[in-house]
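Comments concern the structure below.
Laboratory data are not the source of any read-out in this text; all were calculated from the coordinates shown. Small disclaimer: the values here were computed from a predicted structure and weren't measured. Here the Cβ positions follow ideal geometry from the backbone for every residue, glycine too, while neighbour counts run over all protein chains shown.
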Amino acid sequence: PAERPWFHSAVVYQIYPRSFQDSDGDGIGDLRGVINRLDHLATLGVDVVWLSPIYRSPQDDNGYDISDYQDIDPTFGTLADFDELVAKAHERGIRVVMDLVVNHTSDEHPWFVESRSSKDNPKRDWYWWQPPREGFEAGQPGAEPTNWHSFFSGSTWQLDEATGEYYLHLFSRKQPDLNWENPQVRQAVYAMMRWWLDRGVDGFRMDVINMISKELPLRDGEPIGDGPWGDGSPSYICGPRIHEFLQEMHREVFEGRGDALLTVGEMPAVTVEDAVLFTDPARHEVDMVFQFEHVGLDHGEHKWDRRPLQLVELKESLGRWQEGLAEVGWNSLYWNNHDQPRAVSRFGDDGEFRVESAKLLATVLHLHRGTPYVYQGEELGMTNVPFQDATAFRDIESVNYYEAATGQGLLVEEVLDALRLGSRDNARSPVQWDASPHAGFTTGVPWFPVHPNYPTVNAEHALADPDSVFHHYRRLIELRHADPVVAEGDFTMLLPDDPVVYAFTRSLEGTTLLVVANFGGTHHRVDGLPDAEEWAGAELVLGSYPESATAPGPTDGSIVLRPWEARILRRT
Ligand code: TEU
């Protein structure tokens, strides 16, 4: 097809407003802070900004618990600040995408306040209310309507004493799930979405959107380990009406608004086969999905049981996604977001080769076919947080896990080690802008301590250094904009069984790019590459090592990569 969607050559930047830039000294990032830093994004060259939630919220889950969908939380500013941010982003050619959190609301949302007020309230059916399990008294252990385990530990059911019934919350107790079976709920959500689009926003990142359709009746899941809880996910991951709901949303909200908007569905546990359906343009559901396979490869039984990443498995997974969405649909590409540990600490080497491995990870990701997402600080090579003890964690998932795990008798040091590797707080330390106190994030006391490495790892430093991680991201983004082979080219994985080298080609109309990357801290010769001789003399489009440091090539026509080196080569 001649007309390719604009987002094929676009790069999205995610802002977690709480930790981005404070403007008023209260220690929490805000919208005026974002406005003040728009030039950083313009310099980087990104096309879209996705803002994590800024709606009115009790902040139980840092804004993913919304009590008013049509207002800005005072912590972040006002609707006037928001309008100014959108206008100023648009002036720089940057679109603004909102986070849409509609699997659940806050328990302080007026809808839920009404719903819980009595069994016959007209909004009772807007959420999932159930009596205690048959044969059990309300509140008795085991009385929960199903055995489901919450993402944030414990049961997914909370007893409401007033009416003696339980409500469903897949996440925290303060995040009751909306009942999408009820058409009034759906219409209320669509009306709210239209209101934001009318205000000028350019689309939505849809939080856990593949969980909105639940399979009826809700039933027990397979037991998890030997504890009391079961896995409810077969009842709510890509439930029976999910495609119907997304198509209805498209008709009610997006139809007739043109092709300039962006929709991305966050979909834990989604398969490639599902993703083809979700992102087939002819089906009018979403433009792309966030899948989770590659960020689960270093998990064992569960996310707190970590094992080292096997490169062969990473290539198998990402390669299968590339192939699966080659003909129909579209991929999103990410290493990082506000829920994931920092990529350079997780998949690279955040010590000696921090800069090299951050650039390598960027090169590999941005040269895949799909829309790349950059999470704030990733472009600076920010690293995981050195947590001292349990009091250092702020995230509800980490705090609840610590309590649940130590309560079950796990050793404190073991639980802490798991949290150090896996906690979402790793991604939530403030962005490091410069070497001044609190890294220029705030003039007050930051809500989360700045990473101690800020005197060297910061934006001011990075901008002044042409060989920084930042400038490498900038060049990769520029390359995607300039070269259609990056946006549209076919993807072919090479050397799938090589445990150290990540290699692939991208081809379009007689141009082929080769990407070769050394996922290791020693020099490494690339063996077994098809057409190795031709590639040895090919043009270097972009490498992760400074040009001045280019090593003399070996004379036998092979490619030797330095520690954590990545190269993009071109043949026409
Ligand atoms: O996350 C959904 C999700 O399933 C996980 O990524 C989650 O972060 C957790 O780590 C599972 O162990 C989305 C948001 O991105 C997240 O910040 C919210 O907490 C969550 O939904 C609830 O709204």
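Observations
- Globularity ratio of the stretch 113-185, using Cα Rg and 2.2 N^0.38 Å: 1.06
- FRET efficiency for the residue 389 to residue 299 pair, using the beta carbon distance and R₀ = 30 Å, is estimated at 0.80.
- Residue 444 sits among other residues whose Cβ lies under 12 Å from its own Cβ, and their net charge, with Lys and Arg +1 and Asp and Glu -1, is -4.
- Footprinting exposure proxy for 342, 306, 420 (fewest neighbouring C-beta atoms within 10 Å first): 306, 420, 342
- Dividing the mean sequence gap of close Cα pairs (under 8 Å, 6+ apart) by how many residues the chain holds gives a relative contact order of 13 percent.
- Positive-pole candidate from 115, 146, 164, dipole of the stretch 110-168, charges at beta carbon: 115
- Fraction of antiparallel bridges per DSSP, the chain only, in percent to nearest 5: 60
- Residue among 67, 132, 8 farthest towards the positive dipole end of the stretch 1-157, charges placed on Cβ: 8
- Local electrostatic count at residue 231 - Lys and Arg +1, Asp and Glu -1, tallied over other residues with Cβ under 10 Å: -2
- Comparing 375, 297, 572 along the charge dipole axis of the chain, the residue lying farthest to the positive side is 572, per the Cβ-charge model.
- Computed extension gain for residue 572 through residue 39, at 0.36 nm per residue and net of the alpha carbon distance, reaches 188.3 nm.
- For the chain, the Cβ-based charge dipole about the Cα centre amounts to some 720 debye (Lys, Arg positive; Asp, Glu negative; other atoms uncharged).
- Cα-based Rg / Dmax (Å) for the chain: 23.9, 82
- Dipole check for the stretch 132-187: with +1 at the C-beta of Lys and Arg, -1 at the C-beta of Asp and Glu, and the Cα centre as origin, the magnitude is about 260 Debye.
- Cα-centre dipole for the stretch 306-396 with unit charges at Cβ (Lys and Arg positive, Asp and Glu negative), debye to 20: 80
- Couplings for the stretch 98-112, taken from phi via the Karplus curve 6.51 cos²θ - 1.76 cosθ + 1.60 with θ = phi - 60°, read 8, 7, 10, 10, 10, 6, 8, 10, 6, 5, 9, 5, x, 4, 6 Hz in order; Gly and Pro are left as x.
- Computed over the stretch 221-366, relative contact order equals 17 percent, with contacts defined as Cα pairs under 8 Å that lie 6+ residues apart.
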